[in-house]
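Take a look at the structure set out below.
Throughout, read-outs are computed from the coordinates displayed, never taken from laboratory work. For clarity, every value in this text was computed on a predicted model and none was experimentally measured. No Cβ is skipped: glycine too gets one built from the backbone with ideal geometry, and neighbour counts run over all protein chains shown.
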Amino acid sequence: MDISPLQKARYSYQPKLPAVLRGNVDSIGIELGKPTEAVDDRAELRNIFKLSYGAPIATFVAKPNRGNRRPLVVGVILSGGQAPGGHNVIAGLFDGLKKGNPGSRLVGFSGGPSGLVDDLNVEITAELVEGYRNTGGFDIIGSGRTKIETPEQFEKALRTAKRHGLDAVVVIGGDDSNTNAALLAEFFKSRGEAISVIGAPKTIDGDLKNEYIEASFGFDTATKTYAELVGNIERDANSARKYWHFVKLMGRSASHITLEVALQTRPNVALVSEEIEAKGMTLTQVVDAVCDPIVRRADRGFNFGVVLVPEGLVEFVPEFKTLIAELNDLLAREAAAYAALSDDGARTAFVSGRLAPAARAVYDSLPGDIRRQLIMDRDPHGNVQVSRIETEKLLISMVENRLAAMKAAGTYRGTWSAQNHFFGYEGRCAFPSNFDADYCYSLGFAAFVLIANGLSGYLSSVRNLTAPAAEWVAGGIPLTMMMNLEKRHGEEKPVIRKALVGLDAAPFGVFAAARDEWAVETCYRYPGAIQYFGPDEVCNAVTETLRLESLKK
C-alpha cells in the first residue's frame, strides 16, 4: 500500500502511558472505592441492573498482582460514529493483552454490535494492528449503530461469546453504545456467565464526561480540525471583506464543539444551545442575537463576519424542542401509517394534521426543505437526525429577511451576502492528535487491566489529563453511575446522561466575558493545522475546554 510520509511517521509514534501502566504488569493492582449511585432515577435503575448497580470506582495502583498474567480471549467492537483515536484504543488493548500473556487473543467483531450478534469476526493480529496505529478512522473492523436490545439479540451475542471462549467484550462507543454495554454486562451476569463487558468513552461531541471521565476521546482532534477550518474561513472573510459565513458544527445534543472552536478562533457570533434553552429564547430572538452584530459591524464598515451554529440548535429552541418531541412520538406511534405514504407532500400533510396546534403552527411556518428534513428517517434511538437539518441555511434565510426589513426602515445601511458551511465528517476520522493518540492508547490498556481483574459493567477511565501523561490516573468507572431514565421510542429507557455545556462553568464563562468584543471587533485567531512534532505547547496542548475546566480542581 502506498502511504503518505505523515502516515509512515505516525506508525512509529510511541504513545505515552500513565506511570502505573508502564513496566511490569505484575505491579498493576486495583483499589476499589465505596458503592456508587446513579445520577438520577436510582430506584428504577437499581431494579433494571439488579446485579450491576452500585459497583465501586476502581483505581489502578502500584502493588503486586499476578492476576494480570492469566491468558485471555477478548472481543472488541467499534460502535457508532467514528472518532479519532479508536484504532489506538484497540492497539492499547492488544498490547496490554500480549504484555500480560503472549497467548492472549483479541477478536474483532465487524460492523459494530451486529458483528457480535451475527458472529462477523476477524482475528486481530500484531500484523493487522501495525497498519492502524496512531491513525484515524474505524476501518480496522468497521463500525455500526445497531443496538443489542431484543431477547434474541442478547442470546445470540452470548452464543457468539461462548463460541469464541471470550473472557470479555470491549465496546468502544458513546453514551448510547455504553448504555448498551451496561445492559449486555447485566445480561451476562444474569445468565451466570463470567464474561466482562468494558466500555471506552468515545464521541467527538464531548458530551460523555463527568468528574471521572474528563473527556471523551476524539473531541481534542475533531475540535482542532474544525478550528483550523474556521480559522481559514476567518482569514478569508477578513481578506475578501464581503461575506458573512454561517458555519454549522457537529454536536447534536450539546454545544461543546461550538464552544471549544469559538474559544480557539474568536468568531463574531457563536450560538450556544444550552444558553438559548436556559433563557427560553424563541427562534425570532435567536435571529435578533445574530442580526445585532451584523448591524453594528456594518456601521463600522465591516460587512463580513463568522457565525458558529451548533448542529443541535433547533432542539434547544423552546418551540422547536416541543415540535421535535411531538414529531418523535408521532412517528414512533404511527410508524406503519407514515411508512405507507409515497411522497413528501403526503408525509408533511400527514404530520401537520396530527400535531397539536402550537407545534403545527411552527411546523407549517418553516421552509419546505426544513419541514421535510424534520421528518426524515429517525436514528436508531428514535430521534430526529439533526445533522440533516440545515439550521445554518434556516438562519441565513431568516437573517436575510430581517435585514431587508431593517434596510427598508432605515435602521441597517450595510451590504449583505452569506455563505453556509457544515463541518462534521471532516473531523471524525482525522489523524489523531498526540493527545488523542496517548489518551486512547491508555484507555485501551486500562480496559485490559479491568478485564484481567474480572470487573464488568465499567467504563475505562483516565484522569488528570492536563498533566503530563506519566501523571495521569487510570482506572474504571461503573456505567450505572452515569445513568438516568429518558424517553426513547415513547418508553422510559436507561441511558448515560449527556453532559451539556455548563453555563456556570469556566469555558462558557471565559467565552461570555469576551464575546461582546468579538462581536464588533475583528479578533480572529488562526489555530492552523494540528502539529505532531515540535514544542510541547504546540504539539501536546489540550483543548481550551479541558484546560479551563481543570483550573477549578
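Residues in the range 341-363 that are of a type in the set (D, E, K, R), surrounded by 12 or more Cβ atoms within 10 Å (Cβ to Cβ) and more than 28 Å from Gly81 (Cβ to Cβ): 2 in all. Listed here are the helices (runs of 4 or more DSSP H) enclosed by the range 243-320 that have at least 2 residues being more than 23 Å from the chain's Cα centre (by Cα) and under 25 Å from Gly509 (Cβ atoms): 283-299. Counting only helices (runs of 4 or more DSSP H) wholly contained in the range 1-113, the ones carrying 3 or more residues that are surrounded by 15 or more Cβ atoms within 10 Å (Cβ to Cβ) occupy 42-48, 86-100. Taking (1) of a type in the set (Val, Ile, Thr); (2) over 28 Å from Ser79 (Cβ atoms); (3) out of contact with any strand residue (DSSP E or B) (no Cβ under 8 Å at 6 or more places or on another chain) in turn, Val290 satisfies each apart from (3). Within the range 171-199, restricting attention to residues that are assigned to a helix (DSSP H, G or I) and among the polar types (S, T, N, Q), the residue that is surrounded by the fewest Cβ atoms within 10 Å (Cβ to Cβ) is Ser190.
Residues in the range 460-483 that are more than 13 Å from Val20 (Cβ to Cβ) and touching a Pro at 6+ places or on another chain (Cβ under 6 Å): Met483 only.
The number of residues in the range 212-258 being within 30 Å of Ser460 (Cα to Cα) and either without any contact (Cβ under 8 Å) to a residue 24 or more places away in the chain or of a type in the set (A, V, I, L, M, F, W, C) (or both) comes to 10.
Mind listing whichever residues of the range 474-487 are over 27 Å from Thr59 (Cα atoms) and within 19 Å of the chain's Cα centre (by Cα)? Within the range 474-487, Glu486 is the sole residue that qualifies.
Screening Ser456 on (1) outside any loop (DSSP other than H, G, I, E, B); (2) of a type outside the set (A, V, I, L, M); (3) surrounded by 22 or more Cβ atoms within 10 Å (Cβ to Cβ) shows it passes everything except condition (1).
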